[in-house]
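What follows is a single structure, written as structure tokens, with notes after it.
The values are calculated or read from the model by the stated rules, or taken from the named source; none is laboratory data. Computed from a prediction, not measured in an experiment: that's the story for all the values here. Here the Cβ positions follow ideal geometry from the backbone for every residue, glycine too, while neighbour counts run over all protein chains shown. Please note that ligands, DNA and RNA were not included when accessible areas were found on the heavy atoms of the full protein model with its side chains. Shrake-Rupley method; radii C 1.70, N 1.55, O 1.52, S 1.80 Å.
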2 protein chains.
Amino acid sequence: MMDEKITHTVEDYLKTIYDITSTHDRASTNQIAESLGVAPASVTGMLKKLAEIDPPIVDYQRHRGVALTPEGEKMALEVIRHHRLIEMFLQQILGYKWDEVHGEADRLEHVISEEFEERIARALGDPSHDPHGDPIPSKDLQMPPSSFLPLCEMRPGQEAVVLRVRDENPEMLRYLSELGIIPNTDLKIVEYSPLDDNLSLQVSGSEKRIVLGPRITSEIYVKVNPA
Amino acid sequence: MMDEKITHTVEDYLKTIYDITSTHDRASTNQIAESLGVAPASVTGMLKKLAEIDPPIVDYQRHRGVALTPEGEKMALEVIRHHRLIEMFLQQILGYKWDEVHGEADRLEHVISEEFEERIARALGDPSHDPHGDPIPSKDLQMPPSSFLPLCEMRPGQEAVVLRVRDENPEMLRYLSELGIIPNTDLKIVEYSPLDDNLSLQVSGSEKRIVLGPRITSEIYVKVNPA
DNA sequence: GAGTTTATTTAGGGATACCTAAAATTTTTT
DNA sequence: AAAAAATTTTAGGTATCCCTAAATAAACTC
């Protein structure tokens, strides 16, 4: 039995590091600590441990954070696949609402078997994106290709389709959902205010203009429509 | 946030104690240790802790084991409800086989929310028994009444219906499954050997006689048909 | 009912993942 | 380039749940 038991919290570290390194070169101790809600000192300790597992799952360098090794990335993708398949499953098969799935998935992702993963994947028709628009890694852990932009980088005149909304914050999800901003929604940018980085935009169909700050627009990813 | 975080392993202790006290007055340190696969000394430590939680969830007396308090029983029933609903769900909705559900349920039971519980209960039509024939506590934690006997207490001439089979041992479940012994099967007792407590019996339909030892017959519960 | 066997508890430790406070290093500002 | 600020690490500690070995208590047996 080569158990080598990696505890659950390790999976959380990996997920977090994966997430951070999708936009940064390496994940810093502080970023990880903030994201996980633990003290930086605790992160340092854990990172050292992760770097000493055989094979190492992170590349750790004192004072400059970590990056995932190929092994670590594989493990992270496995957890992410679990998470997103579960979100999909909760929504499609158990009837959860868009904004209710994340917390539940966060707990379930650590305990489901490969069997469970395969069965829900099949039941869902091997989807490539979850209810928030996040891409689901394939069974062999390849990320489906996708070309998107954070909404905050759009400018007046451009039109786009919402692809994904980061799912960490249920309140924000609920709010956006009320505004009609969910994956597949069409948006048109009306105005941009460089002072505060606010964007004024129009949701397909509706007449209303919505003004959103960068705190929100950086969490929404869109695909720009060709002009 | 009155979290009062009861850890997962506490739930395992409760489930085990519930199980033992369904046939014994109190659960002894050793019985619990054996069932959980830990050293008796570890159990002593945990039992003391459980007895000192406010409100206490077990009644602990030195050298004479524990019984659940009403609070402890409520918590145990909650976990058992989770477990059995999940088993049902895995079998009915995800297509697991009878003997594959237990391990998965053992991991999932600790992490699902009330929301999840309610949704799968509804999806399953609020069942009162799981795939092994075990009764599922209702939402308000009442056990459905049921009058059954362990198969080992049956004697020649009697007929009965299989109600439940204890689900701890997948190998045994698979074996019984091959013999056709699953919940709802009709049985007729043909012979009883007091020397070794073996029972010879006939499964409905089939011609074959099956001989089972007490190790197995004590794990199968039946309802005797009125003569 | 004294001695043996079995069951349980006490005592002393280990691993994990967290914490705070202080020290060290790196980065930024002036 | 020195001082100030921010980040990261080290050091020392906590709590949980597990372990083994030794001590004690309860249950049998003759």
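Key figures for this structure:
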{"item": "Accessible area per residue, Å², the range B:86-182 with all protein chains present, probe 1.4 Å", "result": "44"}
{"item": "Chain A, relative contact order in percent, only Cα pairs under 8 angstrom and at least six apart counted", "result": "15"}
{"item": "Prolate/oblate/rounded call for the range B:91-196, Cα gyration tensor, a/c under 1.5 rounded", "result": "prolate"}
{"item": "Interface B:A - total buried accessible surface [probe 1.4 Å, Å², rounded to 100]", "result": "1500"}
{"item": "From phi via Karplus (6.51, -1.76, 1.60), per-residue ³J(HN,Hα) for the range B:129-141 in Hz, x at Gly/Pro", "result": "9, 8, x, 8, x, 6, x, 9, x, 6, 4, 8, 6"}
{"item": "Sites matching trypsin sites (Lys or Arg not before Pro) across the range A:177-216 that sit in DSSP coil, with at most 12 neighbouring C-beta atoms within 10 Å", "result": "A:208"}
{"item": "Residues with amide H under 5 Å from that of residue B:128, placed H, sequence gap 5 or more", "result": "none"}
{"item": "Other copies of residue B:22: label-to-label distances in nm, shortest first, labels 7 Å along the beta-carbon direction", "result": "4.4"}
{"item": "At 0.692 mPa s and 37 °C, Stokes diffusion of chain B via Kirkwood alpha-carbon radius, µm² per second", "result": "173"}
{"item": "Length added when fully stretched, residue B:51-residue B:93, from 0.36 nm per residue minus Cα-Cα", "result": "11.2 nm"}
{"item": "Kirkwood Rh, angstrom, the range A:1-81 [1 / mean 1/r, Cα pairs]", "result": "12.4"}
{"item": "Estimated distance in nm for a label pair at residue B:63 and residue B:22, the labels positioned 7 Å out from Cα along Cα-to-Cβ", "result": "3.2"}
{"item": "For the range B:149-227: rounded, prolate or oblate by the Cα gyration tensor [a/c cutoff 1.5]", "result": "rounded"}
{"item": "Residue-by-residue Karplus 3J(HN,Hα) for the range B:174-179, coefficients 6.51, -1.76, 1.60, Hz, glycine and proline x", "result": "5, 4, 5, 4, 5, 7"}
{"item": "Residues whose placed amide H lies under 5 Å from that of residue A:198, excluding near-sequence neighbours", "result": "A:193"}
{"item": "Range of Cα positions in the range B:34-147 per principal axis (Å), largest first", "result": "45, 31, 28"}
{"item": "Table column - 3J(HN,Hα) (Hz), the range B:214-224, Karplus curve with 6.51, -1.76, 1.60, x for Gly and Pro", "result": "x, 3, 8, 5, 7, 9, 10, 10, 9, 10, 6"}
{"item": "Ascending list, in nanometres, of distances separating the residue B:95 label from those of the other copies (7 Å, Cα toward Cβ)", "result": "2.3"}
{"item": "Other copies of residue B:224: label-to-label distances in nm, shortest first, labels 7 Å along the beta-carbon direction", "result": "8.1"}
{"item": "Solvent-accessible surface ranking, highest first, for A:154, A:143, A:46 at 1.4 angstrom", "result": "A:143, A:46, A:154"}
{"item": "Nearest-to-axis residue of chain A, judged by beta-carbon position, where the axis maps A onto B, in Å", "result": "A:111, 3"}
{"item": "Mean projected area in nm² (Cα convex hull; one quarter of hull surface) for the protein assembly as shown", "result": "28.6"}
